[in-house]
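Have a look at the structure below before the remarks.
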Amino acid sequence: MILNKKCDPFRKNPSLDQLKIKTGKNERAIREAVKNLMRQRLLKWDKKKNKWIV
């Protein structure tokens, strides 16, 4: 079975809507968690590739 990457909520670079569905958290909580990971230097955004670097 072939899955479309856009429909797969468990891929490496999920959208905000996919994270809301997967975690059950609201947008504010997800954004705070991302900021926290960025402050700890565990997560970084690559502007050229438009991807998160873990």
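With the highest mean first, a sort of the peptides 13-20, 24-31 on other beta-carbon atoms found within 10 angstrom per residue produces 13-20, 24-31.
Distance cut-off 19 Å, Cα to Cα: go down the list Lys12/Lys48; Lys12/Lys47; Lys25/Lys48 and report the pairs above it. Write out the running numbers ahead of the final one.
On the way: Lys12/Lys48 17 Å; Lys12/Lys47 17 Å; Lys25/Lys48 29 Å.
Among Lys12/Lys48; Lys12/Lys47; Lys25/Lys48, the Cα-Cα distance tops 19 Å for Lys25/Lys48.
Net charge near Arg31, counting Lys/Arg +1 and Asp/Glu -1 over other residues with Cβ under 12 Å of its Cβ? With Lys, Arg at +1 and Asp, Glu at -1, the neighbours total +2.
Where a number appears in this text, it was derived from the coordinates with a stated rule and is not lab data. From a predicted model like this one, the values you see are computed outputs, not experimental measurements. So basically every Cβ, Gly included, is an ideal-geometry build from the backbone, and we count neighbours across all protein chains shown.
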